[in-house]
Structures are given as structure tokens and as C-alpha cells.
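Structure, as C-alpha cells:
The values are calculated or read from the model by the stated rules, or taken from the named source; none is laboratory data. Model, not experiment: these values are computed from the prediction. Neighbour counts run over all protein chains shown; Cβ positions are idealised from the backbone, glycine included.
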Amino acid sequence: MHDMSAHAVQHHAPPTSFIRKYVFSLDHKVIGKQYYALALVAALTGMVLSWFMRIHLAWNSAAIPGLQLLSKTGAPGGVMTPEFYLQLMTMHGTIMVFFVLTTAPFAAFGNFFLPIQVGAEDMPFPRFNMMSFWVTFTAFLVLMSSFILGDGPTLGGWTQYAPLNAVGSVAGPGQGLGVVLWAASIGLFCVGQLLGSLNFITTTLDLRVKGMSLMRLPLTAWAWFITSCMGLTAFAVLMPACILVILDHVAGTSFFVASNLVINDQVQPHSGGSTLLWQHLFWFFGHPEVYIAIVPGLGIVSHILITNMRKPMLSHRTLIYSMGALAVLSYMVYGHHMFVSGMNPYSSLAFSFPTLVITIPSTIIVLVQVFSLYGAKLRINSASLFSLGFISMFVAGGVSGFFLAQPSIDIMLHATYFVVGHFHMVMGVAAMFGIFAGTYFWFPKMTGRMMNETLGRVHFWLSFVGAYCIFMPFHYLGMAGNVRRYSSFVDDFLQPLIPVHRFITVAALVTGAAQLVFLYNLIHSRFWGELPPNDNPWEATSLEWSTPTPPPFDNFGGKHPVVYHDPYQYGVQSSVGDYVMQASPEQVKTEDEEK
Amino acid sequence: MRTKQMLLAFLMLLVGSSLMFAGTVSGKVTYTGTPAHQKPIDMSKEPSCAKQHATPVTTETVVTGANNALDNVVVYVSAGAPDEGQVPTQAITYTQKGCQYIPHVLAMHVNQEFDIINDDQTSHNIHPLPKVNIEWNKSQPPGTPPIKEKYDKPEFIEVKCNIHPWMHGYFAVLKTSHYDVSKEAGDFKLPNLPPGKYTITAWHEKYGTQTADVTITGNETKDVNFTFKATPY
Amino acid sequence: MAKFFAVTIIVIAILSAIPILRHTWVAPEDISTHGGLIDEQMSETMAEAGISFLAAQFVLAFFIWKFSNPGPDAKIKKFPGGAKGLVIAAILVVGIEVMALGIFGVKAWANVYLTPPSADAMPIQVQAGQFAFYFRYPGPDGTFGATHPEMISEGSQNFFGLDPEHDVDSRDDIVAAEMAIPVNKEIHLLMHSKDVGHSFYVRELRVQQDFVPGLDVSLHFTATKIGKYEIVCTQLCGLGHYNMKAYLEVMSQQDFDDWMKKEAAMQ
């Protein structure tokens, strides 16, 4: 096993000043925590935005006290205008997809734990790493600034379809400066993620310590590695697309705007652009993006379940190959977002087949996870509850994919709440559950304290039941034809569905309140939580549990660990119990190791 | 002392005389030829408005009255007035009712505040399209307070509702307090004009502008008429 | 707690299935000639997805119930067959299932999108623009007059930018805010966007198609039942997106002819 860690990493001296320790830190662990804090603020913001949205949908003409403080003209007397609803919706989606689901499972946990899990002191490019966080943070500020600049945020949805995204404020409030700020923010976000992906890939390939072969990497490390490969290629396409949109606004170009468009009785000064070009660029990024959001969760949940089942998964390699297959296939399916977009209908058929095929690796992963529970010695705690909940949610969200993968059915379900239900279950719930599971599991290692287990279970129960109450009805609404992105339901056929929306809104507010339990737990435990009994409270095997708690500046206290075992040696008889840690030289009687 | 008193008395006489002498310009606006057919508006996409009209209303691009009267013509003093006049303090309103703008043409003084009222059960989106003034675009859900606005530059501004594309009207922002909008019989009246030489302009949204010069010497009423050429298209 | 969790999963799974089994909020009646295949695909997919969903949740719940909180002497066991059997099952069962769905679904898709309209389909042009649909019929001369974008004036109801003064063809064009069609007559819908992206969706007709600014697309369909239906926009197009709709009136041939006469008089 070739140990490159001694050469590759830039040794940097421990920080001494406050700024270097906590602000502009080169330490991957601090950067990971900074990302987590950013994701937390973003998640709370996105959640509050969703509350406003849901209240407006359920009680359309109600005045929400204080709402007018968020916008100069968007909420006269607290009553939400149609454009403000769309602006809140756009910000909700953008914040959640980018600043929560890409940031927390990948950038936050990955930055903290990937170097440790491979046995390294830090990542190879600590300065790029620091830059990646601060660029992402700046991107968030740029996005949020659209609330106070110009005539508010863009209202075009997180998907920002052309030409609405490029014709300017003549098409609506927020479509001028609001779009430019959105595109600038997301462009910056892409830069941050590219820098991050660079570090993740090189860490995984070059910094593994002696004995850490690729197959001995924990599933989380594999998940982060695969995700960063997707990130490198996907974000590299979105960033130029954002630049092209900005050029259409400020440089008089017409990349995305066709000729002879008439808005407000005025012929627009653009010609020759392509509406569909934006969709191709966006979804080429967009589909891998949703796998970027879920693959770390698949890895994290598998990792946590193994520890709590006290046995490895039925096949380590199968999970790795399946995650890889998801990543590769994710580039071939993006046209399923465009079945009725006006693209060549033969292309729609062509995209539908890989979309149907991608159910196979997803199914394999779920089957391996579920059937590994057979014969387990399952420990129930907050982390394992959220991990099991993840599986339930991932299945629920995944089966609705069967419908959306078929163009003929998509005729009925495209742009309805069925789609919104599908992606919320897999991303808004399953991926979030992965983040929660990771938090409860890794909190002791990151902070040196345990989270409160009772509050964790309360959080779990309310979230699990609440999430089903919110998002399962979305599917029924979609099947009835409830169109999405409507700020009010004025059509005749939508009237009978309004009571369903009221039920959903109540469920959403209750489930949202439950997240405050988590927030309280997080903050309270950080300062006053129980101390863990030792450095390895879960009796886990991977390298992060070999470090002191929390890990020192260079993770292993000046020593490079040596890896002697596969990552999940449970169900053995060793001097410490039914497991042996990867870094432990102890030879034990093991089950047949799968080659 | 005597020069000062004489000067004062002379000034008072002048001012007094101008106050005593205030003429009126009035007249009729008419058209010749055949105006374009005003199409009925189908409001079926907004049932709450459609049902307010027993028979569909028509477009208001050309509104006519008896004896070839031409309505919605803004007649105003474009030159010759001693000053811009006071900004009127009374509130004027622009009401959205039955998915129409009432009045179709709202004349106002620069910097005069006006209230936009939504009297319908649907949200309206008021989007005036100025070229000189600042453009804004605001939605007004039903039951929300009036939107208060004003413009600081003279301009004829087209007004649209983006949600209901057939809605169409105008703001006539004028730099004078002498203006009127012709109604029904096509009459207009511009009172309280001190003696002087004036240019009166008549503006119609489709048929353009016409001007006439008139001189006021005392208290008389001068008759000024405008005739626009209507076209079938 | 584990057993309670297992029961909760099962209860939630069953409660989720109930509205589907009771057909509570489903797509409305099909008034199209091509919709039968779409509805069949939907039912088959629902059966397969439903069974997969319930099976997965039940097995998960069962394993949580059975294998949690073990006694001190419990030993871990491996599922017989290991991962190999599962992988093969996934590839074969799921693979065949999805391929079948995909292959059988081609016909449903082809009927709408891969077949041309018949030669005697009635052409109607629909223009989508913030935030309304307007429909144009070619009139007795059977020709649509030219459109001039710079002449579009919504305030004077010239939504298509017609120039009847100079273009003879456009003098008999009929522009309406509702779409009336005769029952059992194939329609060739010519779709044009005036400004940004929009979409045409009629649930009962089993059609949905985006308008693409700069690329005129078309649809063809036949309505088989007289009635009044809603056409709604499903592509986010701005603040008035929620209110962008028009009525589709399917009429007898006689009623349709009367309607055309009435509309022609209002041009």
C-alpha cells in the first residue's frame, strides 16, 4: 500500500490567532463546521420561507403580520402578492438545494471526516479549501441580498427557465437585478464546490495512509468521493450557464432569448437565442445535482446503520458499485425533466430508458441495506432511527420515480404536485434525515459532547410522521392535476383540493416546529451536553473513532495511523468487544471476508 | 415714501386685475371619418369579472359620443401659463373594477398623489409603462389598501394589468393645473385662465395631438374646437 | 421503541395506500381518443409502484421489529444468499418490470407525439402570452393572416399583431379568448409563445405541451365528449401564472358553427 500522505499534504503549522483558528482557518475540521453552520442558517431560512408559502396557499387572502417587513411592495398590509409568493418560492428552492442539501451532507461532514477517514492530517490544498467555504458563504450573502436590492429576488423558480430568466424586469418584478444576483450567487457557489471537489478527489486518491486500500475505505468516504466526481463535472456546466445569463442581462447578448418576443406590447431587443439551450445546460447539471444531494446520505446512513446493526452490509462492493452506477447514469437521464419541453419527442423516449434503468442501482442499494438488517443486533438511538427513516423515505420518494420516468405518464404529471412530492420526499426528507443521522452520530466526535437522546427521539417521531403527512398528499394532489408553482388556486378544478392544502399546511407548521427541538438540542448540547464515555461512544470501527475527541489540529496527534482491517469488522470477538477498529493491529476471528 | 406707496398700489392693481380677469377656454372635441371598430372583450378567463358585465364591454381605444363626439381626449394648456399651478390636494382615484380601469384616462398634475384601488375579487397587477418617469410594477390583492403613487415628470403613460391583458388605460401627467378630459358629448372646459396668449393641446391615445393658440384678454369664454381624423384601422 | 417504529411504518404505508385504492383524487374522465393507453400505463405503474412500496416498507418494518434490541446471547446472521441473490433479483425483476413499462409506454407516447395530424385536421392557432391564451381560427379563406410582432396591441385586442388594413388574409381571421372545437373532430393545434415559456395542459384531453419561444410546436388531438373544460398554464411564466387559463368548449358541429358566426361578428 503506497502511503503518499507524507508527501502530498501541505504541512501547515497550528493556528495561533483567533482569526486563523475560527475564521480564516485552513483546518478541514473548522471548515467542515463552518459549512455546517452555514447549512443550518440556510435550512432555517428556507424553512421559514416554506411556512410563509404554505400559509398563503392554505389561506390566500390572509394577512401575515410582519410579512411586509420582508419586501417593499410584496406584501401590502401583510397580504402576499402573487409575485412575492413566487419570489419566496424561488429563494426557498435555491437555498435548500444549494446551501443545505449540497452543503451539509457533502461539504460539512465530508470536509470534517474524509481526511480523517483516510488517515490524513488535512486535505492537500488547505488554502483552496478555506477559499471554497468563504466563496460559498459569499454566494449565500449575494443571494440573500436580492431581498433588499432592486425590486426583490427573482421569481423564476430555482430552475430559472429561459427566456423569463434573460429578458429583464419587463417580464416581472425581480427579473432584472434579482436574476443577476441569483446567477452571480450560483456561479460563485459553483466555484466554491469545484474547489471543494478538487480537494475531496485528491484526498481520497492520494492521501490514504498505509494499509488503506480503496476497498478498505468506509462507505462514507466512497460516497463523498463519488459525489465530488459528479460535482466537478456538473458544476462545471452550471457555472458558464450562469455567466451566459448574466451576459444576456448586462452585455446585450441573446444566448437564451429568441427573436421577436413581445412583452407589454414592446418587441424585445433580443434575437437568435435558444429557449431550450438553458434547459439542456441546467438539467445536465441538475440531475447529477440531485444525486450529489442524496449519495452522501446513502453513504452516511449505511455507515451509521452498520455501526448500530453490529454487522457489516451484505456486500461492501455492491454498495460502492451501485453508488458509482448512480453517478454515471445520472448524466444520461437529465432529459426526463424535459419530456414535454418541446425537445424532439424521440429524445424523450431516449432519455426515459436510462431513467428507468437507474431504478436498478437504487433498488440494489435499498435491498442491500434492508436485507442487511436480517440477523442484525439493531441498536435504536436517534442516529439509527433517522437512518432507518431515511430508507423508508427514500423508498417512498423513489417509487414515484417509476411514474415520472415514463413520458406518456409525464404528460399528466409534469409540473404538478406529484413532482413536488417526489423530490421533496427524496431530497427534502430523505437527504435531510441523512443530515440529521450524521449529526446525532458524529456530534460527539466533532464537539466532545453527546446530544440529548430524548430530544433526539422527539425530533425523530415528529419529523417522520410529520413528513409523511406533508408530502404523501402531494402525490394525490398531483394525480388530480394540481399544477405546481401557483400562488393561488383559482381554477374551478382546484377548489375541491384546497382542504387538502390546509391539512398539509398544518402538518408543515407542526413539523417545522419540531425542527426547533433539534436546534435547541444542537445548541444546548454543544455547551452543556453530556460528555461521551470515551473517544468511541458508538463502538465503531472507522478511523475517525481512533482520534482524540474532538480531534486535535492534525487529527492523529502527530502519528500516522496504519490500517490493518476492512472498515466494518463487526460480529467478531476482540479484546474490546464485538468489533475491531481499522487502526487496531489486533488479529481477530472474523466472518468470511467477501473478496 | 410716496414712490414706495405708488409702487405697491400699482402692483396691487396688476395682481388684482389679473385676479379680476379670468377667462375660460371651452369647446368640443369631435372626429371625422369612421373610427376603428371597438372589439368586445371576452373576460371568460376571469369569471368574477365576466359576470359583472351583462353584455361584454368593448375596448376603449376610441370612445365616441353623440354627434361625432370624441371622448377621453386630454385638453390642456401646454404654453403660456404664468406658472405650473398648485398641486391639487384632493385625492384622485384610479379604480380597477370589473377588470377595467375607471377612468380610462386619469389626468393629474405632476407630483399629485393618486390612489389605485382594487374593487374586484381578483388580484390585479398594475404596470404603468413610462419612458421618462420611473417604471414600477405592483400587484394588488383584493381587499388590500389603495396604492398611493405620484409622478414627478410630465408624460402620457400607458397602463396595463399583466394578469388581465385586455385592461388598458392612461395616466396623463401634466405640468399645469389647467386641464380637462373630454367626456360623453365631447365637451371640455378650462376655466380660471388669466389674460395672456396660450397654446392649448388636445391629446388622444390613438389619433395623436393637435394644438390651437388662443388669447385671453379679460373674462371672456373663448371657443376652441378640435377635430381628429378617425381611421378604420 | 423499535416495535413501535415498525408498527408506525406499517400504519403509514397502509394509510398512504388507502386514498389510491379508494380512487379519491385521481385524474378526471378521459375525453380523448389517445388517453386510454396513458391511463392503462398509469394503472400498471401504480400497481407495480404500489406493490414495491408496500413490500419494501413491510419488510423494513418486519426486520426492525424482529432484529432490534437483541438479548445478550444473540448472534448476528447473514441473509441467506447474501447480496448476490438480491442483485440478481433487482436486475431481473426490476429490470424486466421497468423495461416492460418503458416498452409498452412507447405506443402511448407515439400516439400523441410521433404521429402527424391527419390531413383534414382542423387547424387552430393558440398563442400563449403573459397571462392569457388567445386562439385564432383562419376563417372562411382557410388561411391564417401574417402576424406582425410590432403591431401587437393588447389594449386594442390585437393580440396576434394582425394588419387587416394591408393583409387580406387576416381580415377574416377569428380571434377568441375561449377555444371552441367540434366534438369528434381532430384538431391540429399550432402553438406559439408571444413572450416567455408557457404550457398547454388539459387534464381531460390527456395533453400537456410546453410553448417554446422561438420554436413553434404543435399538438393534435380529438375530443370525444361535449362539455366545458379548463386549459391551464403549467410552465412558470411570471406573477400571473396562477391565473393563466382559458376554457375549452367541446360542442356539437351545429353549436360550433353558431359559435363561429357569433365570434366572427365580434371581430
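Among the listed residues C:Ala47, C:Ala56, identify the single one that is in contact with a helix residue (DSSP H, G or I) (Cβ under 7 Å, 6 or more places away or on another chain) and either outside any helix (DSSP H, G or I) or small (Gly, Ala, Ser) (or both).
Numbers: C:Ala47 fails: in contact with a helix residue (DSSP H, G or I) (Cβ under 7 Å, 6 or more places away or on another chain).
Sole residue among the options that is in contact with a helix residue (DSSP H, G or I) (Cβ under 7 Å, 6 or more places away or on another chain) and either outside any helix (DSSP H, G or I) or small (Gly, Ala, Ser) (or both): C:Ala56.
For residues that are more than 9 Å from every other protein chain (Cβ to nearest Cβ) and surrounded by fewer than 21 Cβ atoms within 10 Å (Cβ to Cβ), tally how many sit in the range C:203-219.
3
Kindly state which helices (runs of 4 or more DSSP H) lie completely within the range A:72-169 and contain at least 2 residues that are under 25 Å from the mean Cα position of the chain (by Cα) and over 30 Å from A:Gly558 (Cβ atoms). Steps first, answer last, please.
Working: elements: A:82-94, A:109-118, A:126-145.
Those helices (runs of 4 or more DSSP H) span A:82-94, A:126-145.
Is the range C:9-30 home to any residue that is outside any helix (DSSP H, G or I), of a type outside the set (A, V, I, L, M), touching a residue at least 60 places away in the same chain (Cβ under 8 Å) and crowded, with 21+ Cβ neighbours inside 10 Å?
No: the range C:9-30 contains no residue that is outside any helix (DSSP H, G or I), of a type outside the set (A, V, I, L, M), touching a residue at least 60 places away in the same chain (Cβ under 8 Å) and crowded, with 21+ Cβ neighbours inside 10 Å.
If we keep just the residues of the range C:220-233 that are assigned to a loop (DSSP other than H, G, I, E, B) and among the β-branched types (Val, Ile, Thr), which is nearest to A:Val340 (Cα to Cα)? Write out each step before concluding.
Let us first name the residues in the range C:220-233 that are assigned to a loop (DSSP other than H, G, I, E, B), namely C:224-226, C:233.
Imposing the further condition that a residue be among the β-branched types (Val, Ile, Thr) reduces the set to C:224, C:226.
Details: C:Thr224: 23, C:Ile226: 27 Å.
The selected residue is C:Thr224.
Show the residue pairs that are 6+ apart or on different chains and have beta-carbon atoms under 7 Å apart, the first residue being within the range B:177-194 and of a type in the set (Val, Ile, Thr), the second being part of a strand (DSSP E or B) and crowded, with 18+ Cβ neighbours inside 10 Å.
Taking only residues 6 or more apart or on different chains, the pairs are B:Val181/B:Val74; B:Val181/B:Val105; B:Val181/B:Ala107.
Sort out which residues of the range C:234-267 are at pLDDT 95 or above, more than 8 Å from chain A (Cβ to nearest Cβ) and part of a loop (DSSP other than H, G, I, E, B), and write them in order of number.
C:Met244, C:Ser252
Which strands (runs of 3 or more DSSP E) does the range C:164-219 wholly contain that include 1 or more residues that are touching a Cys at 6+ places or on another chain (Cβ under 7 Å)?
The strands (runs of 3 or more DSSP E) meeting that bar are C:198-202.
Consider the range B:179-215. How many of its residues are within 14 Å of the chain's Cα centre (by Cα) and of a type in the set (S, T, N, Q)?
Residues that pass the stated criteria total 3.
Can you say whether A:Trp538 is part of a loop (DSSP other than H, G, I, E, B), among the aromatic types (Phe, Trp, Tyr) and within 24 Å of A:Asn452 (Cα to Cα), as far as the supplied structure shows?
Answer is yes for this residue.
A:Phe553 is checked against (1) in contact with a His (Cβ under 8 Å, 6 or more places away or on another chain); (2) more than 21 Å from A:Met432 (Cα to Cα); (3) of a type in the set (Phe, Trp, Tyr) and fails just one. What number does that condition carry?
With (1) in contact with a His (Cβ under 8 Å, 6 or more places away or on another chain); (2) more than 21 Å from A:Met432 (Cα to Cα); (3) of a type in the set (Phe, Trp, Tyr) applied to A:Phe553, the lone miss is (1).
Where the second residue is aliphatic (A, V, I, L, M) and in a strand (DSSP E or B) and the first is more than 7 Å from chain C (Cβ to nearest Cβ) and in contact (Cβ under 8 Å) with a residue 60 or more places away in the chain and lies in the range A:263-274, which pairs have Cβ atoms under 6 Å and are six or more apart or on separate chains?
A:Asn264/B:Leu129
If we keep just the residues of the range B:31-82 that are surrounded by fewer than 16 Cβ atoms within 10 Å (Cβ to Cβ) and among the β-branched types (Val, Ile, Thr), which is nearest to the other protein chains (Cβ to nearest Cβ)?
Result: B:Thr58.
Among the numbered criteria (1) outside any loop (DSSP other than H, G, I, E, B); (2) among the aromatic types (Phe, Trp, Tyr); (3) out of contact with any Phe, Trp or Tyr (no Cβ under 8 Å at 6 or more places or on another chain), which single criterion is violated by B:Trp166?
For B:Trp166, the failing item is (1).
Within the bounds of the range A:100-109, is there any residue that is over 30 Å from A:Thr439 (Cβ atoms) and surrounded by 22 or more Cβ atoms within 10 Å (Cβ to Cβ)? Reasoning before the result, please.
At the first step, the residues of the range A:100-109 found to be over 30 Å from A:Thr439 (Cβ atoms) are none.
No, there is no match, as no residue in the range A:100-109 is over 30 Å from A:Thr439 (Cβ atoms) and surrounded by 22 or more Cβ atoms within 10 Å (Cβ to Cβ).
Of all residues in the range C:213-233, which are without any contact (Cβ under 8 Å) to a residue 60 or more places away in the chain and farther than 21 Å from C:Phe159 by Cβ? First the steps, then the outcome.
Within the range C:213-233, the first condition is being without any contact (Cβ under 8 Å) to a residue 60 or more places away in the chain, and the residues that meet it are C:213-217, C:226, C:228, C:230, C:232.
If the condition is that a residue be without any contact (Cβ under 8 Å) to a residue 60 or more places away in the chain and farther than 21 Å from C:Phe159 by Cβ, then C:Ile226, C:Lys228 are the ones that fit.
Kindly provide the set of residues from the range A:195-228 that are more than 16 Å from A:Tyr321 (Cα to Cα), among the hydrophobic types (A, V, I, L, M, F, W, C) and either buried (at least 24 other Cβ atoms within 10 Å of the Cβ) or within 21 Å of the chain's Cα centre (by Cα) (or both), ordered by number.
Those that are more than 16 Å from A:Tyr321 (Cα to Cα), among the hydrophobic types (A, V, I, L, M, F, W, C) and either buried (at least 24 other Cβ atoms within 10 Å of the Cβ) or within 21 Å of the chain's Cα centre (by Cα) (or both): A:Leu195, A:Leu198, A:Phe200, A:Ile201, A:Leu207, A:Met212.
What single numbered condition from (1) within 30 Å of C:Lys66 (Cα to Cα); (2) out of contact with any strand residue (DSSP E or B) (no Cβ under 9 Å at 6 or more places or on another chain); (3) buried (at least 24 other Cβ atoms within 10 Å of the Cβ) fails to hold for A:Ser384?
Failing condition for A:Ser384: (2).
For the range A:545-555: of the residues being touching a residue at least 60 places away in the same chain (Cβ under 8 Å) and in a loop (DSSP other than H, G, I, E, B), which is surrounded by the fewest Cβ atoms within 10 Å (Cβ to Cβ)?
Ranking the candidates gives A:Pro550 first.
Of all residues being among the small types (Gly, Ala, Ser) and at the interface with chain A (Cβ under 7 Å from one of its Cβ atoms) in the range C:50-67, which is surrounded by the most Cβ atoms within 10 Å (Cβ to Cβ)? Just the residue, please.
Among those that are among the small types (Gly, Ala, Ser) and at the interface with chain A (Cβ under 7 Å from one of its Cβ atoms), it is C:Ala56.
Of everything in the range B:102-155, what is of a type in the set (A, V, I, L, M), more than 7 Å from every other protein chain (Cβ to nearest Cβ) and in a strand (DSSP E or B)? Give them in sequence order. Give the steps one after another, and end with the answer.
As a first pass, look at the range B:102-155 and keep what is of a type in the set (A, V, I, L, M): B:102, B:105-108, B:110, B:116-117, B:126, B:129, B:132, B:134, B:147.
Narrowing the set further to residues that are more than 7 Å from every other protein chain (Cβ to nearest Cβ) leaves B:102, B:105-108, B:110, B:116-117, B:126, B:132, B:134, B:147.
Result: B:Ile102, B:Val105, B:Leu106, B:Ala107, B:Met108, B:Ile116, B:Ile117, B:Ile126, B:Ile147.
A quick yes/no check of all residues on (1) farther than 17 Å from A:Asn555 by Cβ; (2) in contact with a Phe, Trp or Tyr (Cβ under 7 Å, 6 or more places away or on another chain):
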position: A:Leu198; (1), (2): yes, yes
position: A:Asp206; (1), (2): no, no
position: A:Ala221; (1), (2): no, no
position: A:Thr233; (1), (2): yes, no
position: A:Val237; (1), (2): yes, yes
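Out of curiosity, is B:Thr93 more than 15 Å from B:Gly169 (Cβ to Cβ) and of a type in the set (S, T, N, Q)?
no
Hey, which of the helices (runs of 4 or more DSSP H) in the range A:357-430, taking only ones fully inside, have at least 2 residues that are facing chain C (nearest Cβ under 8 Å)?
The helices (runs of 4 or more DSSP H) meeting that bar are A:359-372, A:382-404, A:407-413.
For the structure I just gave you, tell me whether A:Ser542 is at pLDDT 95 or above and buried (at least 19 other Cβ atoms within 10 Å of the Cβ).
The answer is yes for A:Ser542.
So that you can scan it fast, the table gives a plain yes or no per residue for (1) farther than 26 Å from B:Thr30 by Cβ; (2) aliphatic (A, V, I, L, M):
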site: B:Asn118; (1), (2): yes, no
site: B:Thr122; (1), (2): yes, no
site: B:His127; (1), (2): yes, no
site: B:Met167; (1), (2): yes, yes
site: B:Lys175; (1), (2): yes, no
site: B:His178; (1), (2): no, no
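Would you kindly identify the strands (runs of 3 or more DSSP E) lying entirely within the range B:1-100 that contain at least 1 residues that are touching a helix residue (DSSP H, G or I) at 6+ places or on another chain (Cβ under 8 Å)?
B:23-32
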